[in-house]
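Novice: Provided herewith is a single structure, encoded as structure tokens, for subsequent inquiry.
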């Protein structure tokens, strides 16, 4: 079954990175402090690399970062503003370092790392202020003992920081001159007319999302729940179900929307689990898209979720933000919005025996992942990982199965009603 709507294709811009190939220079490293060494890298993929040690030394004016790998990785880097960041892209990497012991020192105020795709990982170093890259050197250790990447950061002016950004952009433009634009994928649902559901496990890869009381990561809960829901929906053969991600990889927000539209989705459910400072607050919430938030908490939740791309070292897309303010501008968007609200209400009605909801569970805000103008979309916050009861519940496979069955029933009602409406 297909909705009788015209689907527009929104091209997704590809990020351009320039590989760095610099002369090898042996640099003094005796003053660097080893903050984490882990032997647990045995599970690294054969085609990937292992980062076994992270070292940092320096102060507010100068910092040296040393990364030890089991092999010689290809890498590239670029800078971002607001805040000032160094983004280091690597092949798929097994990070054998413990985040709880990783030191932020001197210029470096924060470090995030994780998977960006099946073949790519990323590290993001946030700084106190503008800086310049004095040197980036990949040094072979010799004797088959891998290599070390040495990065020297030096405090600089805003003008110097911006100059580096311009130079990298100009180099990227020259490197890609004459390249053919990638053809936009077409929807692959022409041979399958079943009602199609896109399940979007929130966060992933370098973006872990919220963190629970016992350390549970939101990205793991959302993936496990989405996979369980997919299994139940596919069991009866009535539905075609696609996941925006099926492993621990990062996916930018507009890419999640693109996947749903290209797969011909009739419904998008973005799955999340939040965390707040009030530890005794618990319950589930269902959000739809609105240019004006229904309440302050909805606005704050949308603001947190919309930061996903920036946290992964990507610039926010202006067209996405502008589109949110314009989401109800034409008839198709109004119709889609109406369907989204209808499904959200059905979801509350059919799941309240299993899922405990907050007061006024139907809320709305400017979530970027809900912006598809022709796909009814809701964002389901399953609960609060900051609450011990919610966290334990979300980790329980039996509860996840019961909740997924109730959601499946809500989808049955919604799909049946709209099958009649479209005939």
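Novice: For region 239-264, how many residues meet the condition of being under 25 Å from residue 416 (Cα atoms) and either in a loop (DSSP other than H, G, I, E, B) or free of Cβ contacts under 8 Å to residues at least 12 places away in the same chain (or both)?
Specialist: 3
Novice: From the list 119, 109, 103, which one is surrounded by fewer than 18 Cβ atoms within 10 Å (Cβ to Cβ) and out of contact with any strand residue (DSSP E or B) (no Cβ under 6 Å at 6 or more places or on another chain)? Walk me through how you get there before you give the answer.
Specialist: Details: 109 fails: out of contact with any strand residue (DSSP E or B) (no Cβ under 6 Å at 6 or more places or on another chain); 103 fails: out of contact with any strand residue (DSSP E or B) (no Cβ under 6 Å at 6 or more places or on another chain).
Unique residue meeting the criteria: 119.
Novice: Within region 285-302, how many residues turn out to be over 13 Å from residue 379 (Cβ atoms) and more than 20 Å from the chain's Cα centre (by Cα)?
Specialist: Adding up the residues that qualify gives 5.
Novice: Select, from 388, 351, 346, the only residue that is surrounded by 22 or more Cβ atoms within 10 Å (Cβ to Cβ) and in the same structural domain as residue 272 (by TED's automatic domain parsing).
Specialist: Result of the check over 388, 351, 346: 351.
Novice: Could I ask something else about it? Quick check on my filter: what residues within region 243-253 are under 15 Å from residue 268 (Cα atoms) and surrounded by fewer than 21 Cβ atoms within 10 Å (Cβ to Cβ)?
Specialist: 243
Novice: If residue 65 satisfies all but one of (1) under 22 Å from residue 165 (Cβ atoms); (2) surrounded by 15 or more Cβ atoms within 10 Å (Cβ to Cβ); (3) at pLDDT below 90, what's the number of the condition it fails?
Specialist: Against the list (1) under 22 Å from residue 165 (Cβ atoms); (2) surrounded by 15 or more Cβ atoms within 10 Å (Cβ to Cβ); (3) at pLDDT below 90, residue 65 comes up short only on (3).
Novice: If you take the residues in region 274-299 that are touching a helix residue (DSSP H, G or I) at 6+ places or on another chain (Cβ under 6 Å) and under 20 Å from residue 343 (Cβ atoms), which one is surrounded by the fewest Cβ atoms within 10 Å (Cβ to Cβ)?
Specialist: The first filter runs over region 274-299 and keeps only residues touching a helix residue (DSSP H, G or I) at 6+ places or on another chain (Cβ under 6 Å), leaving 282, 286, 288-289, 291, 293.
Then drop every residue that is not under 20 Å from residue 343 (Cβ atoms), which leaves 286, 288-289, 291, 293.
Numbers: 286: 24, 288: 25, 289: 26, 291: 13, 293: 19.
Per the criteria, the residue is 291.
Novice: For region 265-357, give me every one of the helices (runs of 4 or more DSSP H) that falls completely inside it and has 3 or more residues that are at pLDDT 90 or above. Walk me through how you get there before you give the answer.
Specialist: Working: elements: 296-305, 308-311, 318-325, 331-351.
Hits in region 265-357: 331-351.
The values are calculated or read from the model by the stated rules, or taken from the named source; none is laboratory data. Since we're looking at a predicted model, the values are computed, not measured. As a convention, Cβ positions derive from the backbone with ideal geometry for all residues, glycine included, and neighbour counts pool all protein chains shown.
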